[in-house]
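Everything on this sheet refers to the single structure shown next.
The values are calculated or read from the model by the stated rules, or taken from the named source; none is laboratory data. All values derive from a computational prediction rather than experimental measurement. Here the Cβ is made from the backbone with ideal geometry for all residues, glycine too, and neighbour counts use every protein chain on show.
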Amino acid sequence: MRMNNMILAAFISSSSRSARGFLTSQSKRGVSPFTNAATRLLSSTVEPITSTSPGTRGTPSTSFDDGTSPFEITTPIYYVNDKPHIGHAYTSLACDVIARYMRLSGRDVYFLSGTDEHGQKVETTAKAKGMEPQDFCDEVSQSFRDLLKLLNISNDEFIRTTQSHHKEAVQHFWKQLVDKGAIYLGSYEGWYSVRDECYYNESELVDGKAPTGADVEWVKKEDSYFFKLSDYEDRLLEFYEAHPDFIAPESRLNEVVSFVKGGLKDLSISRTTFDWGVPVPDDKDHVMYVWIDALTNYMSALGYPSTDPGSNFDKYWPASLHVVGKDILRFHAVYWPAFLMAADLPLPKRLFAHGWWTKDGEKISKSLGNVIDPVELIDTYGVDPTRFFLMSEVAFGNDGDFSDEKMIYKVNANLSNELGNLNQRIMSLVFKNCNKAVPTDIGELTEDDAALLASAASLREETGKMIASQSIDKYVQHMIQMVWDANKYIDVQAPWVLKKTDTKRMNTVLYVLMEVMRHVAILYQPLMPSSSNKILDQLGVPENERGFEHLEKESCKIQKGKEVSKPQAVFPRFEVPERADSN
Ligand code: ME8
């Protein structure tokens, strides 16, 4: 037995070359529809990793993250003018997967989400409903909290911009900008889109509308405070040049650079024609532009303006990662860094702009009646299948299209057939043929056993690189490939045949598979927390041994002789809808 363990350890610690060799040769023989994509994936490099730290605490370091420092990750704060939709679910999920992955890697994470409650849009919607803005905000903000809970989002804090601490922080920030000479009083007239809460130049309008398709209104000349954005054109361009990984994906960086090169005009940052906003200090006629208020949430949640040593601000600022939708990149990549530069505060380390979902090929909009309600999605498919689909269906950063057909096909294939069925097969064989306990009489490992184990052992390093560069879909594809390889292995080894011919070999195969499943389930926790934990329960992995540091610990391997109970199915299977064109 000691000898076996030594062989096992030697193979596991061997280079991932053997793992790749195994996967490639298996893939060539295979029939999985995912094989080609996954093989390409294995040979691709994920930029911009600068080094890796397998086996230690932390994540691979990049040009924008050292892999060990405290990590603030943020969703945008959501407007409360409407109920939560798939876009909100998507951004929150992406952050959750990254936050959970970081925590399981031993990182100190502060994951922030919340609601954006001021501005003309919210005031108008509340009035239309005959409600006081604050009552309306309380109600809708709660529905966002409820959604996060339903999606099993692990945020550490939920900020609301109507909280008094936040308002005080924004006023402090404003005063800082005034003290630095970055704000002046002038007058504004021009185009404004209430839906986008954004000012547009005449030249940006398309057929009399905002470039986003939103209606615009003409703001008649009124007094307004301005932020001297035009002073920051060169500094911003220098910053992007010196930090090419500040904005991702790269195509988005190019958009931002050309926007700034096109010239920046000073930004109107206060209004006098409505009240629902943070009052401008020392001028009761003005409320602040909602974006200066909203962006400050990323610091106020950390206790800003308190910057004392040991405070959350001291620990987590600058934020490590702001995840935003592509529509709000300008605010985060241009206005926010300029405000921070003006206030002499450090800039966030990285912005990632994700794409937008359409439904059955069409833009999602209330007027088309095709809004996807995330609550309904979870009711229909369950939380983990929903998480799995949204995070794996499209490359993170690209637009995606939702259809029930795609959802059902994917979760049936990857979860029910491949992962769930594999788990069920392994655990049923152990339960039925090994006296309801993890086998103890295990033989020498073959080359195939060792290759599969080595492949599982390299998963952490491989997926770590993908998460470090926010390639969430690639992380999932890598996991799918691992499960597929384990399925191929069980089919080739056929332990159900070995049970009649060679029980020791059957035991060995089942033990190898349980150990591979331990890796898979531990590394799937960020994506599918409850299903992974169900699998880990079935494998008998103690709750305090499910962190990534336990993956390669000899003492945390599947415990021989431990009792197993009758396995339960982990993933449901869904009825495939009949295609409209099939009759
Ligand atoms: O913009 N697909 O809030 P918000 C994917 N309050 N993502 C989508 C989407 C879709 N179809 N529709 C919207 C705000 N989103 C501000 C943020 S942060 C300081 C202030 C995404 O509720 C959108 O891209 O309008 C954005 O990232 C998020 O939903 C919140 O949008």
- [ ] Say whether the condition of being more than 22 Å from the chain's Cα centre (by Cα), more than 16 Å from the ligand (Cβ to nearest atom) and assigned by the TED database to the domain that holds Val219 is met by at least one residue in the stretch 245-253.
- [x] no
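Quick grid of which residues meet (1) hydrophobic (A, V, I, L, M, F, W, C); (2) at pLDDT 95 or above:
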position	(1), (2)
Ile98	yes, yes
Gly106	no, yes
Ser113	no, yes
Gly119	no, no
Thr124	no, no
- [ ] Filter the stretch 104-120 for residues that are closer than 20 Å to Phe313 by Cα, touching a Pro at 6+ places or on another chain (Cβ under 8 Å) and not basic (Lys, Arg) and give the result.
- [x] Asp108, Val109, Tyr110
- [ ] Within the stretch 316-362, track down each residue that is of a type in the set (S, T, N, Q) and within 11 Å of the ligand (Cβ to nearest atom).
- [x] Thr358
Open item on the list: Of the residues Gly303, Gly310, Gly361, only one is farther than 22 Å from Tyr240 by Cβ, small (Gly, Ala, Ser) and not assigned by the TED database to the domain that holds Tyr240; which?
Closed with: Gly361
- [ ] State whether one or more residues within the stretch 217-238 are within 15 Å of the ligand (Cβ to nearest atom) and surrounded by 15 or more Cβ atoms within 10 Å (Cβ to Cβ).
- [x] no
- [ ] Mind listing whichever residues of the stretch 191-247 are hydrophobic (A, V, I, L, M, F, W, C), under 18 Å from Gly325 (Cα atoms) and modelled with pLDDT of 95 or more?
- [x] Phe246, Ile247
- [ ] Consider Ala353 carefully, then state whether it is within 25 Å of Leu264 (Cβ to Cβ) and either free of Cβ contacts under 8 Å to residues at least 40 places away in the same chain or more than 20 Å from the chain's Cα centre (by Cα) (or both).
- [x] no
Task: Contacts under 7 angstrom Cβ, first residue in the stretch 147-159 being closer than 15 Å to Pro529 by Cβ, partner surrounded by 16 or more Cβ atoms within 10 Å (Cβ to Cβ) and among the acidic types (Asp, Glu), 6 or more apart - done: Ile153/Asp96; Ser154/Asp96
Task: In the stretch 59-74, residue farthest from the ligand (Cβ to nearest atom) [restricted to those that are acidic (Asp, Glu) and assigned to a loop (DSSP other than H, G, I, E, B)] - done: Asp66
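Let's see how each residue does on (1) at negative phi; (2) among the aliphatic types (A, V, I, L, M); (3) under 32 Å from the mean Cα position of the chain (by Cα):
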site: Ser187; (1), (2), (3): yes, no, no
site: Asp207; (1), (2), (3): no, no, no
site: Thr212; (1), (2), (3): yes, no, yes
site: Val216; (1), (2), (3): yes, yes, no
site: Glu238; (1), (2), (3): yes, no, yes
TODO: Looking at (1) within 20 Å of Leu93 (Cα to Cα); (2) within 11 Å of the ligand (Cβ to nearest atom), find the lone condition where Asp379 falls short.
DONE: (2)
Open item on the list: Just to be sure I understand, how many residues within the stretch 285-314 are modelled with pLDDT under 95, within 27 Å of Val122 (Cβ to Cβ) and away from the ligand (no atom under 11 Å from the Cβ)?
Closed with: 1
Open item on the list: When you scan the stretch 503-526, do you find a residue that is free of Cβ contacts under 8 Å to residues at least 12 places away in the same chain and closer than 19 Å to Ser428 by Cβ, even just one?
Closed with: no
TODO: State whether one or more residues within the stretch 399-406 are buried (at least 18 other Cβ atoms within 10 Å of the Cβ) and within 16 Å of the ligand (Cβ to nearest atom).
DONE: yes
Open item on the list: I'd like the full set of residues that are under 25 Å from Val371 (Cα atoms) and either more than 8 Å from the ligand (Cβ to nearest atom) or of a type in the set (Asp, Glu) (or both), limited to the stretch 82-109.
Closed with: Asp82, Lys83, Pro84, Ala89, Ser92, Leu93, Ala94, Cys95, Asp96, Val97
Task: Every residue from the stretch 566-583 that is modelled with pLDDT under 80 and either surrounded by fewer than 10 Cβ atoms within 10 Å (Cβ to Cβ) or assigned to a helix (DSSP H, G or I) (or both) - done: Glu578, Arg579, Ala580, Asp581, Ser582, Asn583
Open item on the list: Of the conditions (1) surrounded by 16 or more Cβ atoms within 10 Å (Cβ to Cβ); (2) within 15 Å of the ligand (Cβ to nearest atom); (3) hydroxyl-bearing (Ser, Thr, Tyr), Ser365 satisfies every one except a single condition; which number is it?
Closed with: (1)
- [ ] Considering only the stretch 522-543, state which residues are in a loop (DSSP other than H, G, I, E, B) and either of a type outside the set (A, V, I, L, M, F, W, C) or more than 24 Å from the chain's Cα centre (by Cα) (or both).
- [x] Gln525, Pro526, Gly540, Val541, Pro542
